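Peer 1: Sending over a structure as structure tokens; questions will come in a sec.
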Amino acid sequence: MDTIDFNQTLPSGVTFMLQAGGFLAVSVFLVMFIVIKKRWKGRVTPFFLGLTVFAFVRIFVMLTESALALIPSIDVAFSYNPIALTIVDCLLCATGYIAGRIVLCKVLEERFERKGDIYLGGLGLGFGDALLYGFTVVSYFVWCIGIEGSGLEAALSEISGEELVATYQSISDLFVAPVVLWLFMGVSTVIDMILQMALTTVTFGIEKKTLPSMFHGICFVINAVSVITFQIYDINSITSIAILFALKLIIFAVVVYYIFNVIGKKVEYEEWPKK
């Protein structure tokens, strides 16, 4: 209780930035979905298959983390080094995505092989992560409305004891983070969706034997580095956030350009309309 300053207020513009990041992610997703469906004749089924595969990826990550938690003293070790815990989580996610993309492409093979099908499958895989971001934005937005309307103390008035401390810790980033972080998170979500489309294209090329299997390892590294880059920033430092976000943007631009303009041209898709 003594660690909570009930007189603190939210930084100016935090609610707007949350909305901006959320609307950006939703808008880009809708535009990509419609363009892929119309331009490359993508079908809806691969999208939902990708979304289903994402659910299994998250289950894999949670089960693995639960198993690791059974190791004696591991919680103590990570409590002194939270960045290490973040990196482990990102590596597990990248591992799950590798397996998920392989399963997805095996399911799509010989059934849904249009370029639009592969893109929508990858988009579905990336959209699952965007949903988690969306839940976070909605939760934070509701808290912002409550805190701005009646103050922090009133917003937490019906919570007590350890639950109060835990609840405050879950929303404390709203008070200390630079407001631009919430916009960057929306852009990062868009990046991750497009990146999953690109990496799914590479995986499909591997399954079709037009690309060597070593690209699985390259995809793992790209996925892991891209995610880790924007997870290890100092939330109190705008400089740290800006540098790591710029680094993620550079990685994204180089990878996506190379995949869609170089590697992607080697991938063989089903021609539509069929000749």
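Peer 1: Out of G146, G128, I need the residue that is open to solvent by less than 50 Å² (accessible area, probe 1.4 Å), in contact (Cβ under 8 Å) with a residue 60 or more places away in the chain and either assigned to a helix (DSSP H, G or I) or of a type outside the set (F, W, Y) (or both). Which one? Step through it out loud before you land on a result.
Peer 2: On the way: G146 fails: in contact (Cβ under 8 Å) with a residue 60 or more places away in the chain.
Going through G146, G128 in turn, the sole match is G128.
Peer 1: All but one of (1) charged (D, E, K, R); (2) at pLDDT 95 or above; (3) outside any helix (DSSP H, G or I) hold for E113; which doesn't?
Peer 2: With respect to (1) charged (D, E, K, R); (2) at pLDDT 95 or above; (3) outside any helix (DSSP H, G or I), E113 is out only on (2).
Peer 1: Of the residues that make up the range 67-76, is at least one over 26 Å from A198 (Cβ atoms), at pLDDT 85 or above and not in a loop (DSSP other than H, G, I, E, B)?
Peer 2: Looking through the range 67-76, at least one residue is over 26 Å from A198 (Cβ atoms), at pLDDT 85 or above and not in a loop (DSSP other than H, G, I, E, B).
Peer 1: I would also like to ask the following. Does the range 1-18 hold any residues that are of a type in the set (A, V, I, L, M, F, W, C), part of a loop (DSSP other than H, G, I, E, B) and open to solvent by 60 Å² or more (accessible area, probe 1.4 Å), and which are they?
Peer 2: Answer for the range 1-18, where residues must be of a type in the set (A, V, I, L, M, F, W, C), part of a loop (DSSP other than H, G, I, E, B) and open to solvent by 60 Å² or more (accessible area, probe 1.4 Å): just M1.
Peer 1: Please identify the pairs in which a residue from the range 19-39 that is more than 11 Å from L120 (Cβ to Cβ) and part of a helix (DSSP H, G or I) has its Cβ atom under 6 Å from the Cβ atom of a residue that is open to solvent by less than 80 Å² (accessible area, probe 1.4 Å) and polar (S, T, N, Q), counting only partners at least 6 apart or on another chain.
Peer 2: Pairs that qualify, where the first residue is more than 11 Å from L120 (Cβ to Cβ) and part of a helix (DSSP H, G or I) and the partner is open to solvent by less than 80 Å² (accessible area, probe 1.4 Å) and polar (S, T, N, Q), are A25/T189.
The values are calculated or read from the model by the stated rules, or taken from the named source; none is laboratory data. Worth saying up front: this structure is predicted, and the values here are computed from it rather than measured. Because the Cβ atoms are built from the backbone with ideal geometry, glycine has one as well, and the counts that use them run over all protein chains shown. All accessible areas refer to the heavy atoms of the entire protein, side chains included, with ligands and DNA or RNA removed. Shrake-Rupley method; radii C 1.70, N 1.55, O 1.52, S 1.80 Å.
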